[in-house]
Structure formats: structure tokens, C-alpha cells
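A quick write-up on the structure given underneath.
The values are calculated or read from the model by the stated rules, or taken from the named source; none is laboratory data. What you are looking at is a predicted structure, and each value in this text was computed from that prediction instead of being measured. All Cβ positions, glycine included, derive from the backbone under ideal geometry; neighbour counts span all protein chains shown.
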Amino acid sequence: MRAFNHINAATLDGASDALKRGGAVALAGGGDLLGALKDDIFPTYPKTVVNLKSIPELEYITAEGDTLKIGALTTLADIARSSVVTENADILALAAGRASSPSLRETTTIGGNLCQLPRCWYFRKLNNRFDCARKGGDRCFAVTGDNRYHSVFGGAVFETAPGVKRTCVAVNQGDLAPVLTVLGAKLKTTERVIDAGDFFGVGVLTATVLNCGEILTEIQIPINGARKSRYKRFAFRKSIDFPVINLAISVDGENNYRICLGGVAPVPYIAAQAETLLAGRAITEELAEKAGLAAAEGAKPYEANSYKVQLIKTLVKRELLAF
Amino acid sequence: MPDYTGANGLRENFRVVGKPNIPGLTSYAMATGVAKFGADFVVPDMLFAKMLRSPYAHARVLSIDASDALAIPGVVDVVLWDDPIFKEIGQNPIGGKRPTYLMNEAHYEGVEVGAVVVAESEHLCEEGLRALKVEWEQLPFIIDLKQGLDPEFPKIRGPEWDESEGDYMPGLTTVDGLTILNLHYPDDPRKVGNVSWTNKIDGDMDAGWAAADFILEYDVNLHAVVSLLPNPPASVAWWFDSMYNGPEKNLHIEGAVQRRGAIATMYGLPDENVVQEGLFQGGKYCDWGLRMSQEITPLLSRRFDRPVRCCNTREETFDMCVNERLLHLKLGVTKDGLITAVEDNSIADHGAPASSEMGTIYDRDYDSYYTLKCENISQKYTIVDSNRGFMHTCGQFVPYNWDALTVGLAILGEKLGKDPVELAKLNLHGPDSQKDTRPVPSFEACLEEGKKLMDWEWHPAGTKRLADGRLHGTAFRYQMCPRHAMLSYFCKLEYRDGVVHFPTQGPIAGWFGTECFTMIIAEELGLEFDDISVDYDYRAKHTDEAGGSDGVTGQGWIVKECANLLKARILESAAKEAQKTTTGFGPFVMPKMPSPLMGYAAEDLEMMDGKVFVKSDPSKFVPFAQATSETITADYGGGSPKSAWTTGFGRVLDTMNTSWCEVAVDDETGEIEILKYGIVADPGKVIRRTSLESQIDQAVFFSMGCQLLEEYVLDPETGVRLNANMIDYRKPTTLDVPIVGKEILELRSGNAAYGASGISHSLANSHLLITAIYNATGIWIDPPATPDRVLKALGKC
């Protein structure tokens, strides 16, 4: 790891100012950032690391009225262990308890998990070996390279510079993103409140729509006693692995379904066609199967990742039948 | 043969040998973190070194401008490839040819090339490396073996890498002052382009085909598998003046490096001028797996007259232990299932230069085709140079051909509707030769126990579903316990001040045999494990030097003999001393209490439970520690007895093993679950049960990983390794590895101590689970059977 300035931020304003000065990155639990720094993957090495953990009162779990509130620096382990979370948003506890590994869950935070950069192996290769579009370069190497873990729903098009558009087919593999999306969570930042479904985005060195210096502070999840939900994580190993695909489904008392998939698109993918198909209907074997097909509708996989389409169909069907 | 010829070889009662959970001294060190590995050695005034690494799969460094690097305060020097320093080192005694220790040509992405930055800290080394202005010339590369077969493809290796310019001369040869282990046969075809060949034909292939009722053809493909070095490979070296060794400089080197004698050879020093005290290697396997960066610290230390440390990261040494190999098999078979001819046509990855030849050539003499009655065996190996990576131990973990045969038995079973177990029995030759039709006792015993362990019930492929809808598959595999113990061993023991001392260099090469040997010594002397003083000393002649666990047990035979020599001498001395009526000397002579052993000769005495006693009257004894006041030594050297039932090097049927598994295949997600994994192993005699069981667990870890998870991925466009880390390269975690059912048999037929043999790596396999998946689905899926590959094979995507 190279040398950098380390700032223990005392306040959100202070942290935000430091981040806006340029050449700075935010450190929450460090699960994502420290590996990136160690592997030297950035095109320009950050001059400053702004430690957010030193800001008080960003680590909490509380149910206030009809809202479950979680501080952005709350660790995944604390979320997984929390009876408040289990009672009000059980799939969040489940997803948090399966992310990463037991030791890393003790340090990694919900905020860091939501803001993590893509796991694409071209993006992550040591010493910035591939100057890819996601780093401001000209191309996405995965499009013609080994893309077995990449998007089946096309690439994200974004600007690498004013007027310069590029594509990236890396996926969002966070464990919590689909969960918060289907739970209708709102993400509070230092500047605004954003629906979870709108929080994720693709840009140069970012996987969110956060502005420069904008800091995620709180996750707000509506409490709904009539809501049922399920979470499925499909990974090759039982620990450590990021999910190849993960899936969250929620249904309210009137059979309105929310279905969101991770690992299949540059941002968490809402299976809108399946949701429409299921709206107001009771689940049957046939309907679940059709919903699986609908969830995969529009997929355009590469040869190496067409298995994800089969997984989408199967996992959606099985999880619906498991309600 | 079984240990008939040695002392107590047929011993029936064991007090120490075979016991589980006896930790050794080094076990405590490792468990508590006291153990020092290469990266843990830090000495005062130490410099650091880091090597430039290639970002390209194949490239040449045309020039390096180091001026910016040298301008960084704390950067001491940048040593370039053409510096004469690199001529000051001898050839690495093990491994492939290596013209010089640092070159300006990189043969794979990530290899050390061109320059070494020496600085006051590791960070400054890295800063210096980033400041180098390197002019690269990118060169054609091969990462696809089939592309490498094209004779028109540009040669990726220069003539300096050809094994020999003249006739192939098997064995050690010297070319340009470099010692090379040449494993080609004299009449092997000469190299063309990037391809070389080696062929071996036994028996009469025409007759074999003529005797067959049909031909069975199949492919067994194995992908590259990465080794897992548990510690960062590092070395620290410094030179010093010794008050013992005269004017010559002495070298102290620690870390994951060659053992002391090899280091001495490389640097032209007498052994006694090399100090290597650390017991724990960590960053290498056996004598293999060393990188240039682990071996040149003495050179740099000599130049800068300060200690120098060089530590690699995991990604920098993410090397292969198994190379890619594509086997096409043809079996001639009678309608009853008897194999009459075997033709193995393999394409093997030769890897980057300096890779081991073990996985490309060596295995042809050393595989389970020779367990068959069939004597008509053709092996034609096509070996392709590549830029895929460095393979230091290929062939050592997975004997490819071993699974090629048992895969064939499974496919044959499906074709004939017969249990592969029965086909294995039909085809296995008898104990003495390939013409011997008698059953093999160890094999028969392993089969019977295995069937019981697994409730074995074979079914044709694709015919059984579990209650939850998943497909069910089974597989079986057998193997002989291999034999590497061809070395000559040495042991010295000393009885001093009432304590038995066992001086040893310890596990410097990565084997942990000391505990086994200590158990044997204790057993033979009637003592407890903790009674033996293990004196770790880098100058001791004895080391845990073996060649797999069968070597450990082979060496154990030497230790056993040595212990019995010591025992005889102690008893002789005890009997002699018991006759004395006085003690002291000169004017200090005093009367001595009569010894209970007085009047008895050595042959009347025995030792057990920490006592030396009279055989005919055990109530007459002296404590072992007071048996004699003399210092007594014994040493013994040589090899263990010859194996029984051997038909050639590495081919022995005295001790065998079987592996079994059941899997469930989810044909909608491609997920594989191991329902049962069973091992029945006959190591002849268990010496240290904990080691044996750990070795079995490790073998299953390897087997499961390479068949279900691990895959070495290279970018097709650049040849860059995409997953050289522990996140993207999926070694199994403890949650993934199945619980292994183990049955250990002791038929006492091995050629080492007490009829032991050691199982070595014979239980590590490349296709047992794959074969079970085939039995479940009826479709062959090359490893790793990850969900994506399974779904593709099943036509689901």
C-alpha cells in the first residue's frame, strides 16, 4: 500500500469538505477500500483517506414508529445479530449475515457495502493493469474478454468525460442492495433522501449516484407487518464469495410483489415484468415458473454467462414457491 | 517387503506408535504463533529488495532508465538484469533449466524480470519500481495449448531453453555449466516450434488391439490448479565473520529457501559456512516452488554488505502446482471388461521456462496403468511451451494418469452395465507381476471396507433421483500408495545424562516427520513420547528428508534400527555398570549401592515404561535415566527394505487405498453437493494418526477444490492472470469441504517401519467427483464442475 494522508473526520461536514477537496476517498469499514488501495487499482492513487468511523453516532439500529433506522456505519455483524432488524426486516438480517466472511462482517458496514465498487476482475487487477472505462479509460475489457460474471442485461452507458460516453458490463454484487430495494428503503445522505431503487448508478470510480463529498448517513426501512419477504444468495462457495446472483422478493398483504436481482446488471435489477405478472395473484407452480421466465425476459447474455439466465428463472420460481 | 528383516518389525503391541493427538514441539510453535516463517525474520540494519514484474504475458525489457528511482531518498540501488552479480550464483539443484537468475525476457505475466530495487524499506522499493522507465517489447504468447500446437506459431522460447542440443540423454546432464534433469528418452522426437514429445510404449500394442472386442475412447481433461502457499514466500540473508570457520565469509539465510546444503552449493560454500536456523518454511512446498526473489538475497547482501530481505506477496507467487493436461484415451477391451491395450495421447502444458518437468514427462513411468493385467501400454505426450505461468510442483499432487484409468473403468462400467468396482477387480494384476492373477490383499480389504462404509450400491448413469428431485451419482477410485522413498537416510541418537537425544534439522523442507520418528524411538526404547529430547540443530545430519509420507515411514525404518542399536548399547553399558561396586575415581572412590541388575548380562535385560529391568524378574530394575552414567551414541544409515510386490519404479501393490463418493446434482442450478465422501486407506501401519488423518483431509480439500471450484483464468486477449488472489480463485473454505468418512486399515505389508508405507499424495485426485457427476447425469463434464459448466453441459444454457 502506498503512503496517503489519513484524516479522522470529526463531523460529517468536515468529512464532506475533505472529500470535496479532491484526491480523497471515504473509509467506512474498509472492506472494499483497503483491498483496492493495497492492490493499487486506482488510476490516480488517493492522496487522502477520510476515516468516517471517527464521526460519532453513525452506528445504531433503532425502530422509530413505522421506520427501522440503521446508521450507515453499523457493521454487517451487528445487523445480522440485531433482534430489531430480524423482527422488522428479517431478510436484511439474513443478507447481512451471509455477506463476506464472519471476521469481515465484524468490521464492514452497511454504508460501505452499498457503496462498494464493482468486483470485475479487469477493474480489480493489480497495479491498475487495465485502464478500463470504469476508471475513465476507453473500453470495457470484459466485453471481449472473460465475462462469465458480468451483466446479462447489457452494459451501463455513462460519461467518462463531458460528452465522452462509455459502457461498463460489471455488475453490482452487493448483498444488501436488492434487499433494501424490495423493502422500499430510503437512503439518507448529507444532502438528500434517495429511494434505494434510485441509489445505485454507474460512473467513473463510483457505483452510486452520490455527488462528490456526499455521504450516506442512514438507511430507513418502512416497517410493514403485513409484508413477507425472502432472500436467496447463490454463490460458488459457502463463505467469502460475493454472490454470483442474489435475489430479494417481498410481497405485501395484497399480493403486490417486489423482485430485485443482484449480480445480473450494472445496478440492482428490478424484475418489473415478473412483478406485473404476479400483481394481485396467488402463487401457483405454473405462475411461479412464468414469473421466473418473465424475470429473465430481455436478458442478452454473453456465451460465458448465459447460465445466469437459467439461474434467474430457477431462483425466482423457487423463492416464489417458498413463500 | 514387510519389515521382517529389521528389529521388532513385526511388533504386535504398540504403546506410542499409532496414537492420535500427540503434538510435537513444532506443533506448539505453530499453534501459538511462536513459529517464525520467512516473512517474520527481521534483523537490524536490513535492506529490502523488490523485483520488477512483467505486466505482459511475454515481453522483453529493452531498456530501463532508473535515474528517477535512484533519485528517491532511501533507494539504495537498482540492479539490472545484465549486472554481473547474477552470474555469481550456481544452478538451483531442483527445477528446470535457468540460464541466469534474472533475465530481460518475461515468459508470463507477473514474473520477475529486468530489475531489482534495493531500498531502506519495502515501500521505497515499490516507489522505486514505479519510478523505473521501462521500455518493453511485447512478444507473441501462448495461453491456449491448442494454439501452441500450430507449427506456424512463432517460437516463444529461445534456443537457450532447449534441453539438449545433441541426443536426449536421460538423467542429469550439464549444458553450458548448468545441471539439467533431462527426462526425455533418447529416441523421443526432436522439438518442433513450441512442441516437444516424449513417447513410451510397453508390450505389443497390435496384439492388444487384436485381443479386444471393442475400443473405448474418452477424454480426461484437467485444468491448471494453483498451489496454496500458506505464508508469504520470503527470505532474509546476511554475511558474517565466524569465530569458528576461519577467514571465509559465512552466510546466514532464513525463510522459504532451499535447504542448507543446496544453498551452500549455489553459493560455492562448505555446508558448515551456511547458517539456517529457522524450522518453518511455509512459503514453499518440498524443495519446489522457489522463486528467484527467494534465492538472490545472499547476492544482494554480499554486494551491499547489509542484510537483505525480499518478500513476495501471494499474488506475486500465485503459481500452478498442476498444469493443464488434455488426455485422450483409447482402451482395447474384451466383452467381459478386460482391458487389453491402453493408449494415452496427452497434450500437456509445459508452462513458462524453469517449470518442473514432473507433470509433463515424469508421470509416464509412474502411474496406475501398470496396476493392470494389461501389458500393452502406449503413452505419447505432446508438450507445449506456454506463457500461462510457472509450474513448480506439477505432477506432485495429482498423478494425472491415475485418474485417467479409474475414469475409464467408470465409463466402461456404464457401457457394460457393470459396477466399476468389479471391473477394477477384474483388471488389477496380482501382487507379483502383471501376469499374476491372484487378488491383492490390501486392495481387497480396502474394497470390502469401502463398500461397508458407503453402503455401496452402484447404479447406471442418470437413473436415480433423490426425494428432493436432485440427481444422485456415485464413484469409486483406487490407488496404490506411491513410493518415493528411494533415498538413503541417516539417524543418530545419543543417550546422555539419562536422556535420549534426537538431533535433527527438523522439518526444514516442509515435511513434519520428526514427531513420527520420535514416536518410533520412544516405542523401541520403552519410553514416552515426551521422554525423547528432540534437539533441533541446523548442523545435525538428520533432517525430515523423505519424498512424501512414504518417505517419512521409510526413514522411520532407519530410525527404528538406530533406536534398537542404541538400546542394545544402553543395555550393554547398564549390565557392565551394574557389576561395579564402587563409584568415583582416584582418592574419591566410594562404595556404591549394589545395583538390582548386578549379576545379569545385557541379554538378560529389557527396557520398558522408563525402566531397565531383568527380564526374568521385572521387580529388579533401575530407572532408565540411571541405567548408565556413560554417554552412548548410535547411528544408522541406509535405505528401508525393498518393497514387496513391485513391478517397477513407483509401481507397488503392497499398500493400497480406495476413495468413494456420492453426490447430488441440482440440474436446474448446476449446484453439486457432496453427500458422502469416504476413504479407506491401508498405510500398512499407522505411525502418527494425526498426521495421517490430516493428510487425508488435505487430499480431499485439494480434490474437492480442483473438481468443483478452482479455475485459473487468463485473459484471452492479454494473457494476464485475472484471478490470482484468494477471492476470485476459489479454494474451498472450511464450510465447503465435506466431512470425510475414514477407515484406516493396517495390513502391515509396506516396506518401512512395522510394515508401514505412507499414503503420500495418492488420495488426492482430479476426477472422483467428476465421475460421480457423470454417474448422476450421464454427461461428462470437465472440471471444475462449477454451476455454469454443469448447466451448459446439461443444455440448460
Considering only residues that are free of Cβ contacts under 8 Å to residues at least 60 places away in the same chain and either crowded, with 22+ Cβ neighbours inside 10 Å or basic (K, R) (or both), which ones fall in the stretch B:680-722? B:D715, B:L722
Being within 14 Å of chain A (Cβ to nearest Cβ) and among the acidic types (D, E) is the requirement here; does B:D728 meet it? yes
Where a residue in the stretch B:435-458 is in a loop (DSSP other than H, G, I, E, B) and its partner, wherever it lies, is among the small types (G, A, S) and surrounded by 17 or more Cβ atoms within 10 Å (Cβ to Cβ), with Cβ under 8 Å and at least six apart: B:W456/B:G450; B:W458/B:G413
Free of Cβ contacts under 8 Å to residues at least 40 places away in the same chain, within 22 Å of the chain's Cα centre (by Cα) and over 30 Å from A:S101 (Cβ atoms): is that true of A:R166 in this structure? yes
Please work out which residue is modelled with the lowest pLDDT, limiting yourself to the stretch A:225-255 and to residues that are surrounded by fewer than 23 Cβ atoms within 10 Å (Cβ to Cβ) and among the β-branched types (V, I, T). A:I240
A:G292 versus (1) away from chain B (no Cβ under 11 Å); (2) touching a residue at least 12 places away in the same chain (Cβ under 8 Å): which is the lone unmet condition? (1)
Among (1) outside any helix (DSSP H, G or I); (2) hydrophobic (A, V, I, L, M, F, W, C); (3) touching a Phe, Trp or Tyr at 6+ places or on another chain (Cβ under 8 Å) - the single one B:F512 does not satisfy: (3)
Pairs, first facing another protein chain (nearest Cβ under 7 Å) and within 25 Å of B:R325 (Cβ to Cβ) in the stretch B:784-797, second assigned to a helix (DSSP H, G or I) and among the acidic types (D, E), C-beta under 8 Å, six or more apart: none
The residue from A:G154, A:G112 that alone is away from chain B (no Cβ under 14 Å) and not in a helix (DSSP H, G or I) is A:G154
Quick one: what pairs do we get from the stretch B:48-71, first residue within 14 Å of chain A (Cβ to nearest Cβ), second aliphatic (A, V, I, L, M) and surrounded by fewer than 20 Cβ atoms within 10 Å (Cβ to Cβ), C-beta under 6 Å, 6+ apart or different chains? B:A59/B:L139
With A:A304, A:A272 as the choices, which residue is surrounded by fewer than 22 Cβ atoms within 10 Å (Cβ to Cβ), modelled with pLDDT of 95 or more, under 25 Å from A:V202 (Cβ atoms) and within 11 Å of another protein chain (Cβ to nearest Cβ)? A:A304
Residues to consider are A:T190, A:T206; find the one that is surrounded by fewer than 20 Cβ atoms within 10 Å (Cβ to Cβ), touching a residue at least 40 places away in the same chain (Cβ under 8 Å) and closer than 20 Å to A:T62 by Cα. A:T190
Mind listing whichever residues of the stretch B:284-337 are in a loop (DSSP other than H, G, I, E, B), more than 23 Å from B:D77 (Cβ to Cβ) and modelled with pLDDT under 85? B:K284, B:C286, B:D287, B:G289, B:L290, B:N323
Exclusive hit being surrounded by fewer than 15 Cβ atoms within 10 Å (Cβ to Cβ), more than 23 Å from B:C516 (Cα to Cα) and in contact with a Ser or Thr (Cβ under 9 Å, 6 or more places away or on another chain), set B:P594, B:P587: B:P594
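The rows are residues; the columns are (1) charged (D, E, K, R); (2) assigned to a strand (DSSP E or B); (3) within 14 Å of chain B (Cβ to nearest Cβ).
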{"site": "A:L92", "(1), (2), (3)": "no, no, no"}
{"site": "A:G97", "(1), (2), (3)": "no, no, yes"}
{"site": "A:L117", "(1), (2), (3)": "no, no, yes"}
{"site": "A:W121", "(1), (2), (3)": "no, no, yes"}
{"site": "A:V143", "(1), (2), (3)": "no, no, yes"}
{"site": "A:H150", "(1), (2), (3)": "no, no, yes"}
{"site": "A:R166", "(1), (2), (3)": "yes, yes, no"}
{"site": "A:A170", "(1), (2), (3)": "no, no, yes"}
{"site": "A:V179", "(1), (2), (3)": "no, no, no"}
So B:A776, is it crowded, with 24+ Cβ neighbours inside 10 Å, under 30 Å from B:A461 (Cα atoms), more than 14 Å from chain A (Cβ to nearest Cβ) and at pLDDT 90 or above: yes
Filter result for B:N751 (surrounded by 24 or more Cβ atoms within 10 Å (Cβ to Cβ), more than 14 Å from chain A (Cβ to nearest Cβ) and under 30 Å from B:N564 (Cβ atoms)): yes
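Can you tell me which residue is farthest from A:I79 (Cα to Cα) among those in the stretch A:99-109 that are free of Cβ contacts under 8 Å to residues at least 40 places away in the same chain and outside any loop (DSSP other than H, G, I, E, B)?
Restricting attention to the stretch A:99-109, the residues satisfying the condition of being free of Cβ contacts under 8 Å to residues at least 40 places away in the same chain are A:103, A:105-106.
Next, only the ones that are outside any loop (DSSP other than H, G, I, E, B) stay: A:103, A:105.
Values: A:S103: 14, A:R105: 9 Å.
Filtering first and then ranking leaves A:S103.
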Being in a strand (DSSP E or B) and either surrounded by fewer than 20 Cβ atoms within 10 Å (Cβ to Cβ) or free of Cβ contacts under 8 Å to residues at least 12 places away in the same chain (or both) is the filter here, so list the residues in the stretch A:19-48 that pass it. A:V25, A:T48
Filter the stretch B:324-339 down to the residues that are of a type in the set (D, E) and farther than 17 Å from B:K373 by Cβ and list them by number. B:E324
Tally time: how many residues in the stretch B:661-689 are assigned to a loop (DSSP other than H, G, I, E, B) and in contact with a Cys (Cβ under 6 Å, 6 or more places away or on another chain)? 3
